[in-house]
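Before any comments, here is the structure.
The values are calculated or read from the model by the stated rules, or taken from the named source; none is laboratory data. Treat the numbers as computed from the prediction; the structure is a model and nothing was measured. FYI the Cβ positions are ideal-geometry reconstructions off the backbone, even for glycines, and counts take in every protein chain you see.
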Amino acid sequence: MADEIPEGWRECKLGDELVLQYGKGLREIDRKQGNIPVYGSNGPIGYHNEYLVKGPGIIIGRKGSVGEVKYSALDFYPIDTTYYVETNDKNDIKFLYYFLLTLQLNEMNSHSAVPGLNRNDVYSLDVSFPPLPEQKAIASVLSSLDDKIDLLHRENKTLEAMAETLFRQWFVEEASDDWEEVPLSDVCVILNGFAFKSKDYRKEGIRIIRTLNFMNGFIDLNDLVYIDYDCEEDYKKYRLRDNDFLMVMVGANLGNFAIVTSDILPALQNQNMWNFRATNKVSQYYLNYALIKIIKDNIGSASGSAREFFQKKQFYSFNIKIPPSTILEKFDYLMNNFFQKMKNNRLQIHTLKKLRDILLPKLISGEVRVKI
């Protein structure tokens, strides 16, 4: 909070401005088919046909992911590991959401064995609130950034779906029996990463891509770690290239994959993942989508034999068809356009998130004021 209370703002206890109500238990087997989002302590976990709370509203993790703050514009059903927020007519619900994000409620764990958030600890916090018109203005500024970020995410989702659909149409549904079929070992190499040590991590330098950075088929630009620039030459065999295909081959995220895009380069490959790099018979774009199909078609059957499935010899033995070069060139042209647009969108998202994260505490504290 700002050292001085901005003019026109009121000092209060947070408990004077909101009530944290308990969510209600709803087992997965008891959920009926519907479009009402069900919220757990870390966000949406499914859907139901009835709501518990009329939207818009705020959900806070009570147990498990303590202090996680989520906003639902729709009616929703918060389960018993959460609180949902009730407030009075002096406050704007969207402003309250942004306000709660600044409080670091995830650090207010009151239970040692099972993480838990005590309502009274939250209620006792000293805060200052702007009048309702200024709350709405602050929420509008921050919402406009979030809406743009959401729009760009949805546009990228559409582009990703178009790319995968195009691959399936051209190279699965319309594939010719005359096309040569060879094992993956003929068209790519599988490269291991390096076991970088956390003691060598820095806040800037050369990025190290870890399995936890995999997000929805691409690399998340958040939570990255780095090593010194001076060390890059020592690890040159682990340098990633644009369009490299990474897949998690051990651990809880087994089978997760991510396509490397130029906006995260230069970067190095960490351990616990493979890098599939095309050689000369097919393009990297074609290889990547062929691998996505292989993973989606086969990973469900790995089950108990997952360890065997995630062996290099297993992957090298999967067959891949070799389309004519004229078709591959057309595919590459379209993929390049898709990926360029997705990369530009990702860079915009990253910039907008940084701007929002800078503005958020300044607007909420009154350090930066919004004209009403």
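Points to keep in mind about this one:
- Contact map, the stretch 314-328: residues that are without any contact (Cβ under 8 Å) to a residue 60 or more places away in the chain and at negative phi paired with residues that are aromatic (Phe, Trp, Tyr) and part of a helix (DSSP H, G or I), Cβ distance under 7 Å, separation 6+ or inter-chain. Pairs shown: Leu328/Tyr286.
- Looking at the stretch 87-190, the helices (runs of 4 or more DSSP H) lying wholly inside it that each contain 1 or more residues that are touching a Lys or Arg at 6+ places or on another chain (Cβ under 6 Å) sit at 132-168.
- Flag for Ile59 being crowded, with 19+ Cβ neighbours inside 10 Å and in contact with a Lys or Arg (Cβ under 6 Å, 6 or more places away or on another chain): yes
- In summary, Asn213 fulfils each of the numbered conditions (1) surrounded by 12 or more Cβ atoms within 10 Å (Cβ to Cβ); (2) under 30 Å from Glu329 (Cα atoms) with the single exception of condition (2).
- Selection within the stretch 351-368 - out of contact with any helix residue (DSSP H, G or I) (no Cβ under 8 Å at 6 or more places or on another chain) and not hydroxyl-bearing (Ser, Thr, Tyr): Lys354, Asp357, Ile358, Pro361, Lys362, Gly366
- When the criteria are applied in full, Asp230 meets the requirement of being exposed (fewer than 14 other Cβ atoms within 10 Å of the Cβ) and over 21 Å from Leu212 (Cβ atoms).
- Within the stretch 208-222, residues that are closer than 11 Å to Asn256 by Cβ reach partners that are surrounded by fewer than 21 Cβ atoms within 10 Å (Cβ to Cβ) with beta carbons closer than 6 Å, at six or more positions or on different chains, in the pairs Thr211/Val248; Thr211/Asn253; Thr211/Asn272; Asn213/Asp220; Phe214/Asn256.
Table: residues versus (1) polar (S, T, N, Q); (2) within 22 Å of the chain's Cα centre (by Cα); (3) exposed (fewer than 12 other Cβ atoms within 10 Å of the Cβ); (4) modelled with pLDDT of 95 or more.
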site: Cys12; (1), (2), (3), (4): no, no, no, no
site: Gly23; (1), (2), (3), (4): no, no, no, yes
site: Gln33; (1), (2), (3), (4): yes, no, yes, no
site: Asn42; (1), (2), (3), (4): yes, yes, no, no
site: Ile45; (1), (2), (3), (4): no, yes, no, no
site: Val53; (1), (2), (3), (4): no, no, no, yes
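- Restricting the stretch 146-182 to residues that are small (Gly, Ala, Ser) and exposed (fewer than 11 other Cβ atoms within 10 Å of the Cβ), the residue that is farthest from Pro323 (Cα to Cα) is Ala161.
- Asp297, sole failed condition from (1) modelled with pLDDT under 95; (2) not in a helix (DSSP H, G or I); (3) not polar (S, T, N, Q): (2)
- Test result for Ile190, modelled with pLDDT of 90 or more and either among the acidic types (Asp, Glu) or surrounded by 19 or more Cβ atoms within 10 Å (Cβ to Cβ) (or both): no
- Residue that is under 16 Å from Leu96 (Cα atoms) and aliphatic (A, V, I, L, M), where the choices are Leu20, Leu52, Leu26: Leu20
- Of the residues in the stretch 75-85, not one is modelled with pLDDT of 95 or more, assigned by TED's automatic domain parsing to the domain that holds Leu125, surrounded by fewer than 17 Cβ atoms within 10 Å (Cβ to Cβ) and closer than 25 Å to Phe129 by Cα.
- The residues of the stretch 237-266 that are assigned to a strand (DSSP E or B) and either buried (at least 21 other Cβ atoms within 10 Å of the Cβ) or of a type in the set (Phe, Trp, Tyr) (or both), listed by number, are Phe245, Leu246, Met247, Phe257, Ala258, Ile259.
- Some residue of the stretch 227-243 being modelled with pLDDT under 90 and within 18 Å of the chain's Cα centre (by Cα): no
Listed here are the residues, each with its yes/no results for (1) over 22 Å from the mean Cα position of the chain (by Cα); (2) in the same structural domain as Cys231 (by TED's automatic domain parsing); (3) at pLDDT 95 or above; (4) not β-branched (Val, Ile, Thr).
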{"residue": "Glu164", "(1), (2), (3), (4)": "no, no, no, yes"}
{"residue": "Trp170", "(1), (2), (3), (4)": "yes, no, yes, yes"}
{"residue": "Ala175", "(1), (2), (3), (4)": "yes, no, no, yes"}
{"residue": "Phe196", "(1), (2), (3), (4)": "yes, yes, no, yes"}
{"residue": "Gly205", "(1), (2), (3), (4)": "yes, yes, no, yes"}
